[in-house]
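The values are calculated or read from the model by the stated rules, or taken from the named source; none is laboratory data. For clarity, every value in this text was computed on a predicted model and none was experimentally measured. We place every Cβ from the backbone using ideal geometry, glycine too, and count neighbours over all the protein chains shown.
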Amino acid sequence: MLLELNIENFAIINNANIRFSNGFNVLTGETGAGKSIIIDAVSLILGERANKEFIRTGSESSVVQAVFLLDKSTETSEILKEYGIEIENDNTLLITREIYTSGRSISRVNGRTVTLNMLKRITSNLIDIHGQHQHQSLLNTDNHVDFIDLLGKKNTFILKDKILKDYNKIISFKNKLKDYEYDEKERERKIDLLKFQIDEINNASLKIGEEEELEHDYKLLGNAEKIKKDLFNVTEVMNSSDYNNTSVLDQLNSISSVLSKIANLDINLQSYKDSFDATIFQLHDIIRDLRDYGDNVEYDSERLRIIEDRIDLINNLKRKYGNTIEEILQYRDEITSELEFIINSEKEINTIKDKIFEIEKSIYSNCNNLTIERKKIALQIEKDITKELEDLNMPNVSFKIKFDCYDKYTKNGIDKIEFMISTNIGEPLKPLSRIVSGGEMSRIMLAFKTILAHVDNISTLIFDEIDTGISGRTAQIISEKIDQISVTHQILCITHLPQIAAMGDTHFLIDKQIIDSKTSTKIIKLSQENRIVELSRLLGGVDLTDTTKQHAKEMLDMSKNIKQKWL
């Protein structure tokens, strides 16, 4: 329930703190005093879009705060856990909205900044506002089936749960069908394309690592003549076959002879001479190997052409299917699976369609059973609403619930339900949305709230001058109905009728004052004596007489006696 509402620099409210009680809270005040501003402030807390026009003239920002007390186990608590917002130990919930002249607004829940969509979801089950001609939930035919289901019993909820589960299964299967289903021409085109790509890759007989080998062979064959020539020159310089030329090895052998002679003179040089000779022997081996290698290097134009064609083939495949041979082969494996998927899809499609058909049979069976249950509930609602409206001084009303069927099942069944009503004898039944009288609409809405009070999950109801267009005995009956609802719900009721104001457990006066040449609205919790004064004003206008005061006191006493009926 709503414990406290703090308003700062909002419209013509400078600063206000309202501490509501459980039960029946009444707000009264003269026309233009600012009663609608309270509703605007609460709507802001519930996630309505902020308007910088709400900011009090001369202020840079406006702040509205609301403190709620949550039940220990509520849908709101689950939503808060989902968003990672901690719940206070005392189960209180603090919601803050700040509006700035720049147009920016900030929303916080227990100190955590949230988006408007998050805020709306969090507050969706906290407060229900009902204002004159604002009974959207009741006027929207899409909600009529929900009103019936709220009064359903265990079997209704079991059937709805079965339908919803089957509906979600069908949605899942239909989404899967989208992956399988092709236009026949598109299917054949896709199969041909995949087969061509697979064959093209397979026919290439690609091997991982072959690119490096091809590059090596291509470089060798392309430069065979140069390699052969350069190797010949190197070996000739090292060991010339021309006796007229002194080769490197000849010169090294000469050096070896010199080292041999002086090693005989100095034994310490023998090791150097041995190392030098070993190097000469090693060079002989290297020169021999180089000569053999050069003799085996041959230019092969046919082999070079084959290698060029192979490299071109691989590059062509890389442009189409991947940057490396590994990627090309991976792509082939993927499209092979896709081809198998498409070829086998017809069988899978038929399997899925068979499953959908069986589930739809179950859905339609459960839908028909749900319709039977709903019609039973509807008959009782028709009786209960008619009785409530008769109590609310609508004796000639005829209320019926019209059942039609949608062309196809929905997740909520197959029933298309609409509330029909005739408020006068001889008038045909008309859709509830075509009711013109505000007073009649208020009473119809109140009748529904009276019936739904024990199953409604919303803890706080706000009635914003729903008493417009009624008076006298009807006003007294409505006040008693609202008070009856307040046994299970917190009620905030803005009213201009003394009969309703007198029934409140807590009474607030909304008073417009002029302070320092500026208009400001004050919200004052009234004592018993001040309630008598305010009721007297509602009864008799500006001039307060002893008679109106006595009448006001009698109304308060009578209200206390009436309240005892609900205890």
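Taking the stretch 60-84 as the range and being without any contact (Cβ under 8 Å) to a residue 40 or more places away in the chain and either on the phi < 0 side of the Ramachandran plot or crowded, with 17+ Cβ neighbours inside 10 Å (or both) as the test, the residues that pass are Leu70, Lys72, Ser73, Ser77, Glu78, Lys81, Glu82, Tyr83.
Would you check which residues across the stretch 10-36 are surrounded by fewer than 20 Cβ atoms within 10 Å (Cβ to Cβ), modelled with pLDDT of 90 or more, in a strand (DSSP E or B) and not basic (Lys, Arg) and list them? Answer for the stretch 10-36, where residues must be surrounded by fewer than 20 Cβ atoms within 10 Å (Cβ to Cβ), modelled with pLDDT of 90 or more, in a strand (DSSP E or B) and not basic (Lys, Arg): just Asn17. Just one residue in the set Leu339, Leu304, Leu259, Leu290 is within 30 Å of Arg187 (Cα to Cα), out of contact with any strand residue (DSSP E or B) (no Cβ under 6 Å at 6 or more places or on another chain) and surrounded by 15 or more Cβ atoms within 10 Å (Cβ to Cβ); that residue is Leu339. Out of Thr76, Thr96, Thr57, Thr92, one residue alone is within 19 Å of Thr460 (Cα to Cα) and either at pLDDT below 90 or among the aromatic types (Phe, Trp, Tyr) (or both). It is Thr76. The residue list Asp277, Asp250, Asp266 contains one member that is exposed (fewer than 12 other Cβ atoms within 10 Å of the Cβ) and among the acidic types (Asp, Glu), which is Asp266. The single residue among Thr488, Thr547 that is surrounded by fewer than 19 Cβ atoms within 10 Å (Cβ to Cβ), without any contact (Cβ under 8 Å) to a residue 12 or more places away in the chain and either in a loop (DSSP other than H, G, I, E, B) or β-branched (Val, Ile, Thr) (or both) turns out to be Thr547. Criterion applied to Lys383, Lys416, Lys408, Lys402 was being assigned to a helix (DSSP H, G or I) and either touching a Leu at 6+ places or on another chain (Cβ under 7 Å) or surrounded by fewer than 18 Cβ atoms within 10 Å (Cβ to Cβ) (or both), and the one residue passing it is Lys383.
Hey, can you tell me all the residues within the stretch 46-74 that are within 30 Å of Asp516 (Cα to Cα), hydrophobic (A, V, I, L, M, F, W, C) and within 30 Å of the chain's Cα centre (by Cα)?
Taking the stretch 46-74 and keeping what is within 30 Å of Asp516 (Cα to Cα), we get 50-66.
Now restrict to residues that are hydrophobic (A, V, I, L, M, F, W, C): 50, 54-55, 63-64, 66.
Passing the criteria: Ala50, Phe54, Val63, Val64, Ala66.
Taken together, the residues in the stretch 517-542 that are outside any helix (DSSP H, G or I) and either modelled with pLDDT of 90 or more or surrounded by 17 or more Cβ atoms within 10 Å (Cβ to Cβ) (or both) amount to 8.
A single member of Phe399, Phe357 is at negative phi and touching a residue at least 12 places away in the same chain (Cβ under 8 Å), and it is Phe399. Scoring Ile163 on the criteria (1) in contact with a strand residue (DSSP E or B) (Cβ under 7 Å, 6 or more places away or on another chain); (2) over 18 Å from Ile363 (Cα atoms) leaves a single failure, condition (2).
How about the stretch 85-101: which of its residues are closer than 14 Å to Leu5 by Cβ, among the β-branched types (Val, Ile, Thr) and free of Cβ contacts under 8 Å to residues at least 40 places away in the same chain?
Start the filter on the stretch 85-101 by keeping residues that are closer than 14 Å to Leu5 by Cβ, which leaves 92-97.
Narrowing the set further to residues that are among the β-branched types (Val, Ile, Thr) leaves 92, 95-96.
Selection gives Thr96 alone.
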